[in-house]
Each structure stands twice: as structure tokens, then as C-alpha cells.
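A quick write-up on the structure given underneath.
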Amino acid sequence: MTEGGSAIRAMFEEGARMAERFGRENVYDFSLGNPNIPAPEKVRREIVRLAEETDPMELHGYMSNAGYPFVRSAVAESLNRRFGTDFSEDNIIMTVGAAGGLNVVLKTLLNPGDEVLVFAPYFLEYGNYVSNFDGVLKAIPANAKGGFQPDPEALREHITERTKALILNNPNNPTGVIYTEETVRAIARVLEEKERELGAPIYLISDEPYRELAYDGRTVPYLTKYYRDTVVGYSWSKSLSLPGERIGYIVIPSECADSRLIFDAAVIANRILGFVNAPSLQQRLVAECLEESADVDAYDKNRRALYDGLTEAGFECIYPEGAFYMWVKTPGDDREFSQRAKGHNILVVPGTSFACPGYVRIAYCVSYDMIKRSMPSFRALAEEYGLSK
């Protein structure tokens, strides 16, 4: 097992223990991407309405392993309106969150020994997902000098005859960087060239749980429009603040190589991996809330306050363009920094947990009040390292 996901969860559990010891108001837990922004009011109303007005057999019963056809059709129509795509229900499979969807896709695509590429820094649970199916995860080194935009030429150097897929997470966890259209086009060109050279498809798996969390008017490129062999995984965990409800979908476009075979195999994978189907109530819920979103302005307020406070204290940060993470350069070893931060009741995740040492991730999906209260502790930590201005 890789250490990334377990390190984040371990830090989260440590935060709970510290809260009991010091009082929750005195612990500044920035470890887990667990949204604190309430779900939109319509979500609450629809849950109540569905529970009261829907026949229990329909509300809680089985359906096709791919999900309710009317829900898949609604998702497809929403995507078509937003991105100018041409999907139908036959391109959509409802899944148990984005993580469940990624496991379904990898189960479908991978043979033992197949390689899956990722750009560092990346969510290290990807390594567990790939190894679940005897695949091999290969990380492309971080492009820190390029602002953590992926380096297409580095991608070219890492593709081999065993490469089956590339996972792209945009906006990125942990950096908060949005990969630009220029970057996406360059990646697509490299993949197309390598497909022709190797005579086999290389699938681009677009992991998009943070798509809706983009700031300052930025847009996130929709990857099926740039590269034919793209599969999309999505979750409402962040966009509707429903992380524990585990509801998402995958998109398998008709133009994707072997799309019908992949779709049918993915439906079977959804069943045999033990998911059986995405939760029935949550499917019905999201179909009624496709135009809703959590309060991104609240995250933006947190983003600005945290960035201003940290940079004023002397820390060097990547200013997030999306998601809800601050990527902060550490003055020394990132694991030691994280331990010293705990001495000030601050919990952050070392960049080593994302295959990129020398940084820490700070999740600012917390209360604005906690960010403001944490600043004296961050300033004291900066003073330990001689960073204070």
C-alpha cells in the first residue's frame, strides 16, 4: 500500500485526538479535503421530497448496474449543454463516487503489468487503485519550475509499450493548479503520436471531482473535446458538498477506442467489484440538482485569507486557481515541518504523501474563522524557521 491516502487519514485521526486533548477550537486541522460548506438548500429539500413522495421499492430498489436510465440521460444532457458534447445515457455509468468510478475504469482497462502514468504531485491513492488490478503506476516528476503544469515532453519520455493510461486530475489535488488548454492540447498531441507509433490506444482518464471549484473566472478544459480516447470520472462530493454520500459517474464517449466493449465491461466491473450499483436515492437526488453547486465564493474567501496570511508570515505558496488546497513550500524537510507544525496544533499533509517532497498541502475547506484563528500559530511556526518578515 502507498503511504499517501493513509498519511492523510492518519493526520485526520490525529486531529480528532488533539481536539479531545486541547479543545476543538484550539486545533487547526487542515489535513482532509472534507468540505465544510453546506450542501445547497435544494439538496436538502429534494432528499425530503424523494423520501416522502417516492414509492419505497423505487426509491431504494435495484436498477440496472449502470444506473437509472433517466438519471444517466439527465447527466448526459447537462454535459452536452455545458460543454458542447454529444453524449447520451449510453455513454454514462453511475458510480460510487469518483474513487469507485476510477476503480471500475482501471478494472476494465488493465491487464497485469500494464502501466498507468501520473504527473507528480498526485493523489497517492491512485497507486492503490492501480495495484488493485496488478497494474504498475509510474510517476512523472513534478514540474515545479513550470508552475506545476504537466510537462508534455516528460510524458513522452515515460510512455512505453506497456503504457495503458494516463490519469489527469484537473483542477489538481494537491496544488490547486488548473491545467491550461495549451497544456491539454500538448498532452493530447503526445498521446496521439505515441498511439500511432505503438499501434495501440493510450487512454486519458480525467479525474474531475474539483471541476466546479475554479476561481477568478477560469475555465477547466473538458478533455473529451481534445483527445479521442478519454474517459471521464466525476463526483458530486465537492461540487455539492456530499463527500460521504459516494455518488458520481464515468463517461465513456462513443468515439473512444473500443467504446462499446469498454462500456459493457465497465458495467460488469461495477457489479463484480461489489458496488452493484450507485446508491439509488443519491442517483435520484443528483438528477434533480444538476444545476446546483456549493458556495464557491466561500472557498474563495478562505483562499484569499489563507494565502495573504501565509505569505505575510514569510511562507512561499502556490496561489490556487481551483480546488481547495494551498501548496506551500517548506523551509526544509516537509515531514519534519509537518511535525513541527503539530507543535503549534496545526495539521497539514507533507508533500511526500503526494510524491513531491519539499511542500505541504493545506486544505482550506474549513471555516473562515478557523483560518483567522490559526494565523498566530502559523506566524509562530514561521518564526521558528526565521521566515517572519
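The values are calculated or read from the model by the stated rules, or taken from the named source; none is laboratory data. Bear in mind the structure is a predicted one, so any value in this text is a computation, not a measurement. Positions of Cβ are generated from backbone atoms using ideal geometry, with glycine treated the same way; all protein chains shown enter the neighbour counts.
Restricting the search to the range 79-129, which residues are part of a helix (DSSP H, G or I) and either farther than 26 Å from K225 by Cβ or of a type in the set (K, R) (or both)?
Listed by number, the residues that qualify are R81, R82, K107, E125, G127, N128.
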Legend entry - Pair list, Cβ < 8 Å and 6+ apart or interchain, from the range 29-51 residues that are closer than 29 Å to N345 by Cβ and outside any helix (DSSP H, G or I) to residues that are modelled with pLDDT under 95 and basic (K, R): L32/R9
Legend entry - Top-ranked residue in the range 311-350 [being acidic (D, E) and touching a residue at least 60 places away in the same chain (Cβ under 8 Å); ranked as surrounded by the most Cβ atoms within 10 Å (Cβ to Cβ)]: E321
Legend entry - Residues (closer than 27 Å to R303 by Cβ and aliphatic (A, V, I, L, M)) located in the range 213-259: L213, A214, V220, L223, V232, L240, L242, I247
Inset, instruction - Confirm whether Y359 is touching a Lys or Arg at 6+ places or on another chain (Cβ under 6 Å) and among the hydroxyl-bearing types (S, T, Y). - result: yes
Legend entry - Contacts under 6 angstrom Cβ, first residue in the range 295-310 being in contact (Cβ under 8 Å) with a residue 24 or more places away in the chain, partner surrounded by 17 or more Cβ atoms within 10 Å (Cβ to Cβ) and in a helix (DSSP H, G or I), 6 or more apart: N302/I371; A305/I371; L306/I371; G309/M375
Legend entry - Looking only at the range 245-268, and only at residues there that are of a type in the set (G, A, S) and farther than 27 Å from E288 by Cα, the one that is surrounded by the fewest Cβ atoms within 10 Å (Cβ to Cβ): A257
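Looking at the range 159-180, can you tell me whether even one residue there is part of a helix (DSSP H, G or I), surrounded by fewer than 17 Cβ atoms within 10 Å (Cβ to Cβ) and either at pLDDT 95 or above or of a type in the set (A, V, I, L, M, F, W, C) (or both)?
First, pick out the residues of the range 159-180 that are part of a helix (DSSP H, G or I): none.
Taking every residue of the range 159-180 in turn, none turns out to be part of a helix (DSSP H, G or I), surrounded by fewer than 17 Cβ atoms within 10 Å (Cβ to Cβ) and either at pLDDT 95 or above or of a type in the set (A, V, I, L, M, F, W, C) (or both).
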Inset, instruction - Output the residues belonging to the range 282-339 that are closer than 18 Å to R218 by Cβ and β-branched (V, I, T). - result: V296, I318
Inset, instruction - Within the range 351-371, track down each residue that is without any contact (Cβ under 8 Å) to a residue 60 or more places away in the chain and crowded, with 24+ Cβ neighbours inside 10 Å. - result: V360
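Yes/no per residue for (1) loosely packed, with under 12 Cβ neighbours inside 10 Å; (2) of a type in the set (G, A, S):
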{"site": "P40", "(1), (2)": "no, no"}
{"site": "R45", "(1), (2)": "no, no"}
{"site": "V48", "(1), (2)": "yes, no"}
{"site": "T54", "(1), (2)": "no, no"}
{"site": "G61", "(1), (2)": "yes, yes"}
{"site": "S64", "(1), (2)": "no, yes"}
{"site": "S73", "(1), (2)": "no, yes"}
{"site": "N80", "(1), (2)": "no, no"}
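Among the strands (runs of 3 or more DSSP E) contained in the range 252-367, which hold 2 or more residues that are under 30 Å from Y227 (Cα atoms)? First the steps, then the outcome.
Values: elements: 316-318, 325-329, 359-363.
The qualifying strands (runs of 3 or more DSSP E) are 325-329.
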Inset, instruction - Could you list, in sequence order, all residues of the range 334-363 that are more than 24 Å from R17 (Cβ to Cβ) and out of contact with any Leu (no Cβ under 8 Å at 6 or more places or on another chain)? - result: C356, P357, G358, Y359
